[in-house]
1. Counting only the heavy atoms of the protein chains, how much of SER480 is accessible to a 1.4 Å probe, in Å² to the nearest 10?
2. In the chain, what percentage of the DSSP-assigned beta bridges are antiparallel, given to the nearest 5?
3. State the Kirkwood hydrodynamic radius of region 431-577 in Å, one decimal place, computed from all pairs of distinct Cα atoms.
4. Ignoring any ligand, DNA or RNA, what whole percent of the accessible area of the chain comes from carbon and sulfur when the probe is 1.4 angstrom?
5. Please list ILE471, ILE110 in order of solvent-accessible area, largest first, computed with a 1.4 Å probe with all protein chains present.
6. Let me know the charge dipole size of the chain about its Cα centre in debye, to the nearest 20, where only the beta-carbon of Lys, Arg (+1) and Asp, Glu (-1) is charged.
7. Sticking with the crude label model, points 7 Å out along Cα→Cβ, report the distance from GLN162 to GLN212 in nm, one decimal please.
8. Return a whole-number percent for the relative contact order of the chain, with Cα pairs under 8 Å and 6 or more residues apart as the contact set.
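The values are calculated or read from the model by the stated rules, or taken from the named source; none is laboratory data. This is a predicted model, so every value here is computed, not measured. We place every Cβ from the backbone using ideal geometry, glycine too, and count neighbours over all the protein chains shown. Ligands, DNA and RNA are excluded from the accessible area calculation, which covers all protein heavy atoms including side chains. Shrake-Rupley method; radii C 1.70, N 1.55, O 1.52, S 1.80 Å.
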Amino acid sequence: MAPASTVDVLVVGGGPTGLLTALSCAKMGLKVQCLEQHDRARQGLYGRACVLFARTLELMDQLGVYQDISEIGYIMKGAYTYRDGQPVVGKGWVFVDKTLKDNTFFEYTIGIRQKYSEDVFRKYISQIDPEACQAPATLIDYKDDPSQEYPITAIVDYAGQQREVRAKILVGADGARSKVREKTGVDFPGEKTTQRWIRMDGVLKTNMPTGQTHVAAIESKTHGNILWLPVDHGRIRVGYALPKELADEFNNGLKITVDIAIREAQKAVAPFTLEYETVDWFTVYAISQRVAAQYRTNNVILAGDACHTHSSGAAQGMNTGVHDAVNLGWKLGGYLRGWYTEDVLNSYDTERRKAAQQVITIDKYMSTLITGKIPEDWKSKYPANADANDVLDDLFQANAEFTVGLGISYDINPINREINPKVLSKVQAGHRAPDIALSPPGGNFPKRLYELTPNNGKFSIVIFAGTVGSIDLPLIRRLSDYLASPQSFANRLTPEAFQFVTIIGGDAFLPFEILGVEPWGRVVYDPEGKGAEKYGIDPKKGALVALRPDSILGYATALNEFELLANYFAGIVKPALNWSAVAEKKFEQTSVMGEISVEGTPETSNSSQAKSRI
């Protein structure tokens, strides 16, 4: 066996979840290896997931991969529903556009087959480390010894040659049949239904009026609610439920051929015509709804389909996996870099497992309705002649925000601390922070807040400093002196964990003259106060807002309550390695910092210190 190699993170599974987890950690300076058991040519044969909702696009944008995705995928705006060949207004996938309007700058969905999104992710990983992605490479076995610096010892087969890899953390993102989950002994409770669905990608001809341009739902009398989805490179994905008698005839669908799949697709979309020029890929699959009993076991963490499975009815598979990867990436990276406490890493399990359970709850009803049946425990709620398509539409509408990702939220925990509604009234901790349009100094083009707060594993301290003409200058001076002092959380705790943005209400060109001190980090203006309004912040009073790296609101306080912000971070960010009581004592002897939290400010501010640190 070849000599052992060492990495910080060993990721098993080269799909979107594994790749984005690897990318997040690599961007934070960790040594990562990502294993994919199939060679890339074989892996590329599979169509798999292909829908990216708006919140997923926001997260990808903050990681720096969105632009490539948008240039390959099909931008989907608008949707149609057809019944008996006629359009039905206001039903089906139109819920997406309604939900996105005025709530995000990404007011669309992208259709891109998984092999192309994976190519994009691998590209960005290879720019950091060309050797990080290994394929074909298969995990054979592993041991976890917490007493070691590198607790994980894994045996990996690299195209026939076995080698030992030692890692601090093993991430199992290796799909529904996860070998990592199996070897870790984590239960995967849930249900396997009798439903069989078909998904098929290809180039086709149809007389459906919107067939080449829009996503559509076709209400079939025989094959459920049909999915019609334009994706990249001129392909269309068609999805339908396989009639039970046909599934039984062909060994639960396992013996379905491409010719049979085409024939059934033609029946499903009737009265429209359907003719395939090419079929790139098709699959028949059974629907299971399961959630792993736990996502973390010592130094092994599960993500993506390895810890939750469900139908593709609401296109949640890849989107949920991306949310897992982004949620895990910054926490794992920050924990291993020594920035964050273990409580931060442990919150991955509690946050994402609850989100997966919500996906499963919705999917149990949705998958049955898409098949064309009303769930047994819902039949008492509806008339005997109720149409499953109408009930499905109600379910779509009721869960629209969660489905597109904007409504995914997390409970109060160490990284989501309850906020005084008098400070910030429109967003709660643990919820997505609104992305707002801001103006750079002298610029006649907007900058989005998310552009100013990229996901590099750092918390973003967004300082709403007040509005020009009504800014509390003595308070701003006290804040400046505090942030510059060794006593501040920004210096006392790991400084690499923070990045700053200063937002000034109104419009001006000289931030120093407005504030009387050097601003913090990037400086932008909120000309009409619309940004502050979206957060429910009094534009004259301002606020201190802490955004997590995944643009979830962590905490917020009033400008004069920076001690509360310090308390919040003290529980989740580790102390700075180079901070010392000696430095603090020396500073106290030469400044009036002891007075600034009560009254008065020194004549000469320490803002130059704050600027140099940031």
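1. 0 Å²
2. On the way: 69 of 103 bridges.
Antiparallel bridges make up about 65 percent of those DSSP assigns within the chain.
3. That comes to 15.2 Å for region 431-577.
4. Reported share for carbon and sulfur atoms: 49 percent.
5. ILE471, ILE110
6. Dipole magnitude for the chain comes out near 480 debye.
7. So the two model labels end up 5.5 nm from each other.
8. Averaging sequence separation for qualifying contacts and normalising by length gives 14 percent for the chain.
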